[in-house]
Amino acid sequence: TNWSTLGSFTHALDLTAAGVFAGSTDDDFAGPGYTAQIDYFETASDPIVNEDAHLPEPPIGPDIITWYGNSQSFAVRGEAQVYANILGNVNVSGLLRLEYSHNSSAFVELNLGPDTRRLHDTGDFNIDILFEDLDGTSQNDLIEIRAIYDDGSVTAEMVSIDYLAGRSWSPDFSIDWSNLNHLDEAVQVIDGNWGFTSEGLRPIDTGYDRIAGIGDRNWDNYEVSLTFTPHDLASEDPRGRDGGGFGINTFWNGHTDNPVAGWDPKAGWEDVGSLWWDNDEIRILSYKGDTVLGQGSVPLSVGTEYHMVFSVEQINAFDRAYGVKVWEVGSPEPGDWTATGFEQLDAPSTGSFLLNAHYTDLTFGDIMVTEITGSDIAYGGADDDRMVLADASDPSPGRDEIDVFIGEAGADEFVFGEAGEVYYDNGIAGDNGEADYGLVWDFDPTVDFIRLAGTQADYELGLSFGDLPSGTTISHINQTNDAELIGVFADAFGLNLTADYFVFDNAIA
């Protein structure tokens, strides 16, 4: 084309750096001012006339493959963990590095597989991006993935992320694979290359813990019913660490740096309770994974479709009861669980669950999740929250349930009664109330509030007793002068009913 020469210059090349910048120094100007091509050559009498003609041909075929496309949606139903994941594979022949940029930020180099864990095959990559770092509005985030090769060529792919913050996954949820258009409508893929048909979800490439998340990080008590069909039960870790298996991991929130630190992508995980099948046996594993809570014999056949039901339910404030049953499709459902387990915990636990295929090829069929209602574990957020967990429309709000309040940040109000109605008092004479109460896990008397129905004279404070979590208790003095427990403030001591953090509601609805 016809270039207009606006100026020229000559400079010597040395062993440090040399280059040309054309742009604007105006802080209000956000874009480049000019574009150009530049040839470097040793003598002015022998320039390279045809720009880039000296470069070799680029590799045949795409260098960067993003397994789930260049336009991806996350948290369509809710956040199954704290991260969004961009997964794929890159051609490593002559590759110097693979890197990515989020919304034009500085490029960050990515580790590539195999790494014996999340990155299974040569050239696999997985970008962990915190949801809190994404634009939660209708504005999409842009991820540029760039491969730089030793021949000077550069290949780039742009991935657009559609994410809206604030969605909560319904606790009653079902998946009919024949009605889906996109995978992100049903699951959040965390590791692995998965595909789906009307028959179900199946890993395209098997490997270490190929996992897909279902549910919200706030899910507490639920029952999962699904079908599955094994296609290969003889696979094992090629490094000889273990054999193949599959299962469900509960209370998932995302990978961490603990107990496995220093990996990219992260390879640690918070404690989870698990159902796991291998070697013709199904086991229920403890929250820390180091104890078998229950087990049963479940021989499987390749190509046969099976039903599975798995439940996890809160017992007391923290403890968990698990149950699982497996039977062949077309056979009667067993009356009893194949295996059950019970575990005592020391803190509240909630989270989504994972479908996990570990070096095993199988199809997860249609899935139905049903919330086990009653006791709840609920979270506030970064803002000031007003938290009511008992159903005020119930004739006896909070009866026969143990609710756990986790306010997190902000000045939170925890409601134990209002409009003349006391929550968590079942009205049974002589009952000390251990079967129904509200537990405030992180009460901060400097900013938080407790709302109570009645007056100060209707309540008394004490110290935890029996199997209650350590802290201060509050009891309601009912009409029979029984003091029945209605609440526990974990690890909070020295509280006083005359303090401003106790707010009394004398109004009658």
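Among the candidates GLY192, GLY213, the residue that is touching a strand residue (DSSP E or B) at 6+ places or on another chain (Cβ under 7 Å), of a type in the set (Gly, Ala, Ser) and within 15 Å of ASP366 (Cα to Cα) is uniquely GLY213.
Among the residues of region 94-116, those that are open to solvent by 50 Å² or more (accessible area, probe 1.4 Å), touching a residue at least 40 places away in the same chain (Cβ under 8 Å) and closer than 30 Å to ASP237 by Cβ comprise ARG97, ASN111.
Within region 215-245, the set of residues being open to solvent by 20 Å² or more (accessible area, probe 1.4 Å) and assigned to a strand (DSSP E or B) comprises GLU223, SER225, THR227, THR229, HIS231, ASP232, GLU236, GLY243. When region 278-291 is filtered for residues that are closer than 22 Å to THR227 by Cβ and in a loop (DSSP other than H, G, I, E, B), the ones remaining, listed by number, are ASN279, ASP280. Using the structure shown, decide if GLY471 is under 33 Å from the mean Cα position of the chain (by Cα), open to solvent by less than 80 Å² (accessible area, probe 1.4 Å) and on the phi > 0 side of the Ramachandran plot. Spelling it out, GLY471 is indeed under 33 Å from the mean Cα position of the chain (by Cα), open to solvent by less than 80 Å² (accessible area, probe 1.4 Å) and on the phi > 0 side of the Ramachandran plot.
Here is the figure for region 63-85: residues that are open to solvent by 20 Å² or more (accessible area, probe 1.4 Å), assigned to a loop (DSSP other than H, G, I, E, B) and not aromatic (Phe, Trp, Tyr) total 6. Could you check how many residues of region 164-208 are charged (D, E, K, R), assigned to a loop (DSSP other than H, G, I, E, B) and open to solvent by 60 Å² or more (accessible area, probe 1.4 Å)? Of the residues in that region, 5 qualify. Filtered by the rule that a residue be under 28 Å from PRO171 (Cβ atoms), open to solvent by 30 Å² or more (accessible area, probe 1.4 Å) and part of a loop (DSSP other than H, G, I, E, B), region 292-320 gives GLU305, ASN316. Yes or no: region 152-163 includes at least one residue that is in contact with a helix residue (DSSP H, G or I) (Cβ under 8 Å, 6 or more places away or on another chain), over 29 Å from PRO259 (Cα atoms) and either assigned to a loop (DSSP other than H, G, I, E, B) or not charged (D, E, K, R) (or both). Checked against the condition, which is being in contact with a helix residue (DSSP H, G or I) (Cβ under 8 Å, 6 or more places away or on another chain), over 29 Å from PRO259 (Cα atoms) and either assigned to a loop (DSSP other than H, G, I, E, B) or not charged (D, E, K, R) (or both), region 152-163 yields at least one hit. Taking first residues from region 346-357 that are in contact (Cβ under 8 Å) with a residue 40 or more places away in the chain and in a loop (DSSP other than H, G, I, E, B) and partners that are open to solvent by less than 10 Å² (accessible area, probe 1.4 Å) and among the β-branched types (Val, Ile, Thr), the Cβ contacts under 6 Å between residues at least 6 apart in sequence or on separate chains come to PRO348/ILE377; PRO348/VAL404; THR350/ILE377.
Scan region 423-433 and give yes if some residue there is over 15 Å from LEU389 (Cα atoms), open to solvent by less than 30 Å² (accessible area, probe 1.4 Å) and in a strand (DSSP E or B), otherwise no.
Pass one, region 423-433, residues over 15 Å from LEU389 (Cα atoms): 426-433.
Within this subset, residues satisfying the condition of being open to solvent by less than 30 Å² (accessible area, probe 1.4 Å) are 426, 433.
Next cut, in a strand (DSSP E or B) only: none.
Scanning region 423-433 turns up no residue that is over 15 Å from LEU389 (Cα atoms), open to solvent by less than 30 Å² (accessible area, probe 1.4 Å) and in a strand (DSSP E or B).
Within region 262-283, residues that are buried (at least 19 other Cβ atoms within 10 Å of the Cβ) reach partners that are among the aromatic types (Phe, Trp, Tyr) and not in a strand (DSSP E or B) with beta carbons closer than 7 Å, at six or more positions or on different chains, in the pairs VAL272/TYR287; GLY273/TYR287.
The values are calculated or read from the model by the stated rules, or taken from the named source; none is laboratory data. Note that the coordinates shown come from a computational prediction; the quantities given were computed from them, not determined experimentally. Neighbour counts are summed over all protein chains in view; Cβ atoms, including those assigned to glycine, are modelled from backbone coordinates with ideal geometry. Only protein heavy atoms, including side chains, enter the accessible area calculation; ligands, DNA and RNA are left aside. Shrake-Rupley method; radii C 1.70, N 1.55, O 1.52, S 1.80 Å.
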